[in-house]
Amino acid sequence: MKAVYFAWVRERIGKTGEEILPPDDVKTVGQLIRWLSAKGEEYAYAFEKPDVIRAALDRTHVKHDVDIAGAREIAFFPPMTGG
Amino acid sequence: MAVIRIQREDFDAASEASALTKGRTDIGAVVTFTGLCRAEGGKLAALELEHYPGMAEEEIARVVADAEQRWPLQGVVAIHRYGKIAPGENIVLVVTASSHRIAALEAAEFLMDYLKTRAPFWKKEHLLDGSSGDWVEAKEVDDRAAERWDVAQDGG
């Protein structure tokens, strides 16, 4: 699946997005955040406060307990500050 | 039916509002809200607005559809800019049109509350000394403002 990052999540990880291949036991958004955090220092920094991180599956807001199966794109970003 | 645009360029609130009412005789109230970039006490050179292309349009469309379900609206415009925006410049426009003022006023307020907390946009500060400032933090007060509409709906 494709992962995309925005705002300070993007800056901390140092890329706008990437293809990721999480193992089968990574089933939910929250588990994916934990798996990504272990990928390196920059990921650990970006996801150091997982509760703050917002996620969207195929461009729809989701909570951390949602299943990621079948999704093509997952986005991680801080709380929104538009308007 | 609703006009939804995500754009770098500026918009003209007056012409968007008049386009909404042109040739119509069923509209009794038009509310126009424009959000502008503040100088934040003179330290800010610009705000840089990042957005999630694709989702920004889709999420605003979901919020507009929600507003159209809650209030009898004859027209809606929602325009959100991205890129670098200087103090005094426009950031966001919401226009609502209805037969009666309460629906137009409430829907405009609802749209702004939901856009702030749901539309995937993020503001970064650029300071006058040339440095890149912080990302603007989401405000608790904006979350509370959006939540009161949930309560209003749950309560019937």
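The values are calculated or read from the model by the stated rules, or taken from the named source; none is laboratory data. Source: prediction; values computed, not measured. Heads up, the Cβs are rebuilt from the backbone with ideal geometry, glycines too, and the neighbour counts pull from every protein chain shown.
One residue alone among A:VAL66, A:VAL9 is among the hydrophobic types (A, V, I, L, M, F, W, C) and free of Cβ contacts under 8 Å to residues at least 60 places away in the same chain, and that residue is A:VAL66. Look at B:GLU16 and say whether it is more than 14 Å from every other protein chain (Cβ to nearest Cβ) and either within 24 Å of B:LEU127 (Cα to Cα) or assigned to a helix (DSSP H, G or I) (or both). It is true that B:GLU16 is more than 14 Å from every other protein chain (Cβ to nearest Cβ) and either within 24 Å of B:LEU127 (Cα to Cα) or assigned to a helix (DSSP H, G or I) (or both). Among the residues of the stretch B:118-132 satisfying the criterion of being in contact with a Gly (Cβ under 8 Å, 6 or more places away or on another chain) and not in a strand (DSSP E or B), which is nearest to B:TRP149 (Cα to Cα)? Taking the candidates together, the pick is B:ALA119. Kindly indicate the residue of the stretch B:128-149 that is within 14 Å of chain A (Cβ to nearest Cβ) and charged (D, E, K, R) and also surrounded by the most Cβ atoms within 10 Å (Cβ to Cβ) among those meeting that condition. Per the criteria, the residue is B:ASP142.
Looking across B:ASP66, B:ASP10, one residue alone is touching an Asp or Glu at 6+ places or on another chain (Cβ under 8 Å) and modelled with pLDDT of 95 or more. It is B:ASP10. Filtering the stretch A:39-49 for residues that are touching a Pro at 6+ places or on another chain (Cβ under 7 Å) and within 14 Å of chain B (Cβ to nearest Cβ) leaves an empty set. The lone criterion from (1) within 14 Å of another protein chain (Cβ to nearest Cβ); (2) under 11 Å from the mean Cα position of the chain (by Cα) left unmet by A:ILE33 is number (1).
Cβ-Cβ distances below 8 Å connect the following pairs, each with a first residue in the stretch B:116-143 that is closer than 20 Å to B:LYS84 by Cβ, a second residue that is surrounded by fewer than 19 Cβ atoms within 10 Å (Cβ to Cβ) and of a type in the set (S, T, N, Q), and a separation of six or more residues or different chains: B:LYS124/B:SER132; B:GLU125/B:SER132; B:HIS126/B:SER132.
Scanning for something more than 14 Å from the chain's Cα centre (by Cα), in a loop (DSSP other than H, G, I, E, B), within 14 Å of chain A (Cβ to nearest Cβ) and under 21 Å from B:PHE11 (Cβ atoms), does the stretch B:34-51 turn up at least one residue? Yes, the stretch B:34-51 has at least one match. All conditions but one from (1) facing chain A (nearest Cβ under 10 Å); (2) under 17 Å from A:PRO78 (Cα atoms); (3) among the acidic types (Asp, Glu) apply to B:GLU125; the one that does not is (1). Selection of helices (runs of 4 or more DSSP H) fully inside the stretch A:1-62 by the criterion of at least 3 residues being modelled with pLDDT of 95 or more and farther than 14 Å from A:PRO78 by Cα returns A:29-37, A:41-46.
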